[in-house]
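*Asks:* Once you've had a glance at the structure underneath, I'll fire off some questions.
The values are calculated or read from the model by the stated rules, or taken from the named source; none is laboratory data. None of these values were measured; they are calculated from a predicted model. Counting neighbours? That spans all protein chains shown, and the Cβs are built from the backbone with ideal geometry, glycine included.
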Amino acid sequence: MIYILAYITDLVIGDPFKFHPIIIVGNTIKRIEKVVYKNNYLNGLLLLVISLVIFITPIYLLRFIVSDIVIGFISYYLIYALIATKSLYKETNKVNQALTENRLEDARILLSYVVSRETSKLNEQQIKKALIETISENTIDGVIAPLFYLFLGVLFNHDIELMIGYKIVNTLDSMVGYKNKRYNKFGFFSAKADDILNYIPARIGSLFMLVPGFIYSKDFKKTLSIFFKNRNNQSSPNAGYPEAAIAGILDIKLAGPSYYFGNIVSKKYIGSNDKEITNNDIKTTYKVLFFSSTLFMLFMIGVLYGI
């Protein structure tokens with residue numbers, strides 16, 4: 001089956017960096033932004049609509065032009081490329097490796113590639129906390145949510161279109177979905193679209209992230225308690241769910257105030273145990289990433305095909 005093969009390819013090889021569709025999407029969005037940018041809601045909506053139409057329409061039209069075999073190969077490649085399990089591990093583990101080798105400044109720089117907060121003054125514990133937060137959030141954004149829309153699209157015979165649509169919105173949010181002077185209006189619709197599309201995956205996905213808690217948490221009842229008490233402790237309607245799941249499994253404190261674009265942003269804490277975050281905590285977070293994403297993949301295939 002194409003879906004399983006693509007997922008396994010991602011687990012084994014990781015992203016095709018030389019020809020990655022998201023790089024193409026990102027570069028195209030930059031060009032569109034140069035043409036349509038004005039910091040107002042209408043132009044921001046225009047960016048969102050144009051970006052979706054440009055990339056989804058060709059895939060839709062190809063279904064009427066090429067054979068099912070060709071569509072199968074295209075689907076395999078795109079699914080493999082748009083799932084980010086291995087790449088999430090590889091890119092974040094560079095930060096962890098730098099910390100292990102006591103290269104604090106390198107860890108700060110490497111972390112800045114995968115988070116939007118300021119990293120130049122973070123200490124080791126703050127870096128580890130930010131690392132665990134981004135792994136947990138991207139377990140949803142980079143793996144479970146794309147798979148969710150892939151399988152939802154199967155119901156309408158447009159699996160790739162829905163998956164690509166989600167990834168376009170997610171990419172737009174990462175590029176323009178900021179509450180600063182340049183994007184507070186222009187990025188509004190992209191940010192809201194991302195919130196809406198992640199609403200269900202974040203809630204379903206966080207439950208799948210809790211399943212490994214049976215194995216990796218010392219007190220699963222406490223894990224569940226932390227999750228349900230803290231899952232809404234983020235300004236984002238979705239980010240708190242995976243973070244609360246990981247905070248519960250590891251019994252650590254996440255979130256809290258952070259610097260973004262030179263300003264401190266006040267956030268509630270997720271979890272209450274102020275213990276030191278260890279390298280084992282990061283390793284466990286990776287185990288949750290691989291366990292939950294594989295379980296979700298198998299579950300969705302089972303639901304759709306009655307396995």
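*Asks:* Residues that are over 21 Å from the mean Cα position of the chain (by Cα) and either in a helix (DSSP H, G or I) or buried (at least 19 other Cβ atoms within 10 Å of the Cβ) (or both): does the range 233-250 have at least one?
*Replies:* Within the range 233-250, the first condition is being over 21 Å from the mean Cα position of the chain (by Cα), and the residues that meet it are none.
Looking for residues that are over 21 Å from the mean Cα position of the chain (by Cα) and either in a helix (DSSP H, G or I) or buried (at least 19 other Cβ atoms within 10 Å of the Cβ) (or both), one finds none in the range 233-250, hence no.
*Asks:* Moving on to the next point. Of all residues in the range 267-291 being more than 21 Å from T9 (Cα to Cα) and part of a helix (DSSP H, G or I), which is nearest to the chain's Cα centre (by Cα)? Give the derivation first.
*Replies:* Taking the range 267-291 first, the residues more than 21 Å from T9 (Cα to Cα) are 267-285.
Still in the running and part of a helix (DSSP H, G or I): 279-285.
Numbers: N279: 22, N280: 22, D281: 20, I282: 17, K283: 18, T284: 18, T285: 14 Å.
This residue is T285.
*Asks:* Kindly indicate the residue of the range 102-133 that is hydrophobic (A, V, I, L, M, F, W, C) and not in a helix (DSSP H, G or I) and also surrounded by the fewest Cβ atoms within 10 Å (Cβ to Cβ) among those meeting that condition. If you could, list the steps in order and put the result at the bottom.
*Replies:* Taking the range 102-133 and keeping what is hydrophobic (A, V, I, L, M, F, W, C), we get 104, 107, 109-111, 114-115, 122, 127, 130-132.
Filter once more, keeping what is not in a helix (DSSP H, G or I): 114-115, 122.
Numbers: V114: 17, V115: 19, L122: 21.
Checking each candidate, the answer is V114.
Let's see how each residue does on (1) over 26 Å from N96 (Cα atoms); (2) at pLDDT 95 or above; (3) among the basic types (K, R); (4) touching a Gly at 6+ places or on another chain (Cβ under 8 Å):
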{"position": "D195", "(1), (2), (3), (4)": "yes, yes, no, no"}
{"position": "I200", "(1), (2), (3), (4)": "yes, yes, no, no"}
{"position": "G205", "(1), (2), (3), (4)": "no, yes, no, no"}
{"position": "G240", "(1), (2), (3), (4)": "no, no, no, no"}
{"position": "A244", "(1), (2), (3), (4)": "no, yes, no, yes"}
{"position": "G256", "(1), (2), (3), (4)": "no, no, no, no"}
{"position": "F261", "(1), (2), (3), (4)": "no, no, no, no"}
{"position": "S272", "(1), (2), (3), (4)": "no, no, no, no"}
{"position": "D281", "(1), (2), (3), (4)": "no, yes, no, no"}
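*Asks:* Restrict the check to the range 27-50 and report whether at least one residue is within 22 Å of I252 (Cα to Cα) and not acidic (D, E). Break it down stepwise before answering.
*Replies:* So the first thing to find is which residues in the range 27-50 are within 22 Å of I252 (Cα to Cα), and the list is none.
No, there is no match, as no residue in the range 27-50 is within 22 Å of I252 (Cα to Cα) and not acidic (D, E).
*Asks:* Step by step: first the residues of the range 292-307, then only those that are under 18 Å from the mean Cα position of the chain (by Cα) and surrounded by fewer than 17 Cβ atoms within 10 Å (Cβ to Cβ), then the one that is nearest to T223 (Cα to Cα). Which residue is that?
*Replies:* Within the range 292-307, the subset under 18 Å from the mean Cα position of the chain (by Cα) is 292-297.
Imposing the further condition that a residue be surrounded by fewer than 17 Cβ atoms within 10 Å (Cβ to Cβ) reduces the set to 294-295.
On the way: T294: 21, L295: 19 Å.
The qualifying residue nearest to T223 (Cα to Cα) is L295.
*Asks:* Next up: Which of the following residues is over 27 Å from T294 (Cα atoms) and modelled with pLDDT of 95 or more: E118, E105? Before the answer, list the steps.
*Replies:* Numbers: E118 fails: modelled with pLDDT of 95 or more.
So the residue among E118, E105 that is over 27 Å from T294 (Cα atoms) and modelled with pLDDT of 95 or more is E105.
*Asks:* Further question: Please indicate, with yes or no, whether at least one residue in the range 76-86 is more than 24 Å from V12 (Cβ to Cβ) and either of a type in the set (A, V, I, L, M, F, W, C) or assigned to a helix (DSSP H, G or I) (or both).
*Replies:* No; the residues of the range 76-86 include none that is more than 24 Å from V12 (Cβ to Cβ) and either of a type in the set (A, V, I, L, M, F, W, C) or assigned to a helix (DSSP H, G or I) (or both).
*Asks:* Please work out which residue is farthest from the chain's Cα centre (by Cα), limiting yourself to the range 1-15 and to residues that are in a helix (DSSP H, G or I) and surrounded by 13 or more Cβ atoms within 10 Å (Cβ to Cβ). Lay out the reasoning, then the answer.
*Replies:* Of the range 1-15, the ones in a helix (DSSP H, G or I) are 2-13.
Of the ones still in play, those that are also surrounded by 13 or more Cβ atoms within 10 Å (Cβ to Cβ) are 2-3, 6-11.
Details: I2: 22, Y3: 19, A6: 18, Y7: 16, I8: 18, T9: 19, D10: 15, L11: 16 Å.
So, considering only residues that are in a helix (DSSP H, G or I) and surrounded by 13 or more Cβ atoms within 10 Å (Cβ to Cβ), the one farthest from the chain's Cα centre (by Cα) is I2.
*Asks:* Continuing with the same structure: Among the residues of the range 16-32, are any at pLDDT 95 or above and either farther than 28 Å from F186 by Cβ or more than 23 Å from the chain's Cα centre (by Cα) (or both)?
*Replies:* yes
*Asks:* I need a count of the residues in the range 32-71 that are touching a residue at least 24 places away in the same chain (Cβ under 8 Å) and surrounded by 16 or more Cβ atoms within 10 Å (Cβ to Cβ).
*Replies:* Going through the range 32-71, the residues touching a residue at least 24 places away in the same chain (Cβ under 8 Å) turn out to be 33, 37-41, 43-45, 47-48, 51-52, 54-56, 59-60.
If we keep only those that are surrounded by 16 or more Cβ atoms within 10 Å (Cβ to Cβ) as well, we get 33, 37, 43-45, 47-48, 51-52, 55-56, 59.
Summing the residues that are touching a residue at least 24 places away in the same chain (Cβ under 8 Å) and surrounded by 16 or more Cβ atoms within 10 Å (Cβ to Cβ) in the range 32-71 gives 12.
*Asks:* Still on this model: Find the residue count for the range 171-194, including only residues that are in contact with a helix residue (DSSP H, G or I) (Cβ under 8 Å, 6 or more places away or on another chain) and either among the acidic types (D, E) or in a helix (DSSP H, G or I) (or both).
*Replies:* 11
*Asks:* Looking at this structure, is Y37 more than 24 Å from the chain's Cα centre (by Cα), under 22 Å from Y149 (Cα atoms) and hydroxyl-bearing (S, T, Y)?
*Replies:* Values: more than 24 Å from the chain's Cα centre (by Cα): yes; under 22 Å from Y149 (Cα atoms): no; hydroxyl-bearing (S, T, Y): yes.
Spelling it out, it is not the case that Y37 is more than 24 Å from the chain's Cα centre (by Cα), under 22 Å from Y149 (Cα atoms) and hydroxyl-bearing (S, T, Y).
*Asks:* Only one of Y183, Y216 is more than 19 Å from the chain's Cα centre (by Cα), closer than 22 Å to F290 by Cβ and surrounded by 16 or more Cβ atoms within 10 Å (Cβ to Cβ). Can you tell me which?
*Replies:* Working: Y183 fails: closer than 22 Å to F290 by Cβ.
Testing whether each residue is more than 19 Å from the chain's Cα centre (by Cα), closer than 22 Å to F290 by Cβ and surrounded by 16 or more Cβ atoms within 10 Å (Cβ to Cβ) leaves just Y216.
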